[in-house]
1. Let me know the Kirkwood hydrodynamic radius for segment 45-457, please, with Cα pairs as the basis and the value in Å to one decimal.
2. Once the mean 1/r over all distinct Cα pairs of segment 298-357 is inverted, what Kirkwood radius in angstroms do you read off?
3. Could you tell me how many degrees, from 0 to 90 and to the nearest 10, lie between the Cα long axis of helix 2-20 and the main elongation axis, the longest principal axis, of the Cα atoms of the chain?
4. As a quick test, which of the pairs Lys319/Lys393; Lys224/Lys367; Lys286/Lys431; Lys90/Lys407; Lys297/Lys448 have an alpha carbon distance above 19 angstrom in this structure?
5. Peptides 247-257, 173-183, 153-163: what's the order by average Cβ count within 10 Å, highest mean first?
6. Sorted by average packing, counted as other Cβ atoms within 10 angstrom per residue and highest first, what order do 447-455, 371-379 take?
7. Test of understanding: what is the full-extension gain from Leu61 to Leu85, defined as 0.36 nm times their sequence separation minus their Cα-Cα distance?
8. Under a crude label model (7 Å from the Cα following the beta-carbon direction), how far is Leu445 from Phe458 in nanometres?
Amino acid sequence: MKQKSQTKFICLFFVMFSAQYTFGQDSSKAAAPKADTAKPAPPKPQNTLTISVDMRTRTELRHGYRVIPTEDTSIAFFTNQRTRLNFDFKTKKFDFYASLQDTRVWGQQDPREGQGITSPTEATTYPLYMFEVFAEPHFSDKFSVRIGRQRIIYDNQRLYAENDWRLPGNSHDAVRLIFNNRINFATEFTAAYNQYAENNFTTNYKPNGFANYKTLLVHYLNWKLSKNFTLLTLNTADGFQSSLPNDYQTTNMRFTSGGRLEYASYNWYVTFSGYYQYGKDSAGKKLDAYYIQPEIKYNSKAITVRLGLEYLSGHNASKPIDKDNNFVPLYGVAHRFMGNMDLFTTFPADVNNAGLVNPYLFLWYQKGKVFLRCENHLFYSQNDFLVNSSPVKKYLGFENDWRLNYKFNSFSEIETGFSWAAVTDAMITIKKGGDSKAFPYWFYLSLKFTPTIARFSF
């Protein structure tokens, strides 16, 4: 009898537990209980915890991605993988988010590591780290502050992006003040100050193996002026410690100011974006650079056409170098703007200080679970580039990108793409390598899974 009572108790506990917590991706499809008109509805849960996975594998065949090939270069073939385990806790007054990330190339880590077979010097470990972890207290339904490691994404991600294409992605250690009236106005202020260790003296910032800003200030505003017009402004200051030995007290501040005006009506969208860069570059040289982007877009039920231009200033090699005229698109993403082959990603190195003009035409088709994209780019140097005191031609080449996405369900997607480019001798000269007779191309196949493992409401 005692055993039967225990069994009944366990069954009753399991039923109560299942009613309180909802597991799985498709929990919304579960049959809803019949309403009891004799009793008032229970209060809506104030707290939620969602645990999810973001896993992506990408198999690539490279022969011209990022680097122009020669007739002697061979094809690269590999598979990389990024896995994130996300914890999203939300309440009425407080949010907490954490994302644990592992990134690797298949075969990069010794599979025997940790089994006592290899010594630490033979191991090829790859770091497991927190991609994001922040707390966000809410002082009202309009105002909050986000503290910790976080993605910073503004506007169309040209200057600040999560850079999701990149294997590890982008995140920053910062504090962000957020105001959003949920109607037509939002503004944010972000601040960061970086150090490489817990120093006892000085603020000398010397990160090992990478370059980064020492201080960052960003103000963003999004104001819907009317039914058709939206104004966005973005003003930022990022400071780099002087590269001179022992000069840690000097921080060279670079300022970028500008924004975007958007007009949308029915199927049409027209926008103009412009930014001016001033102050000093990381070497202490005076900055005088700019960026503009006009675009017009037509969108029907299935077809989208985008025609636009990116214009990044550079230095005129026929004039003395007394200022830095190279516009640097800060911490944004180039992959979606300047071609999927990422021939122009690092500025000003990838254009050899000559600037870049990028007219583009995008043709997109989307219906149901299928999304097909054909994107075309022309590349020109914005300014003269000299070889033996003679300017090279400004036309650099053409790139054509194809992408196909198929979404199996809400959490599974396959993506494949093929890109190729026709490059000129001028591009070879400016990028300092490659062969214009070679055929740069690149193919990839990517699988993405974003299931929700568990969702709790209490």
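1. 23.9
2. 13.4
3. Rounded to the nearest ten degrees, it is 40.
4. Among Lys319/Lys393; Lys224/Lys367; Lys286/Lys431; Lys90/Lys407; Lys297/Lys448, the Cα-Cα distance tops 19 Å for Lys224/Lys367; Lys286/Lys431; Lys90/Lys407; Lys297/Lys448.
5. 153-163, 247-257, 173-183
6. So the peptides 447-455, 371-379, ranked by packing, come out 371-379, 447-455.
7. Separation in residues times 0.36 nm, less the Cα-Cα distance, equals 5.9 nm.
8. 4.4
Values in this text are rule-based calculations from the coordinates and carry no lab data. Please read these numbers as outputs of a predicted model, since none were measured by experiment. Cβ atoms come from the backbone with ideal geometry, glycine included; neighbour counts cover every protein chain shown.
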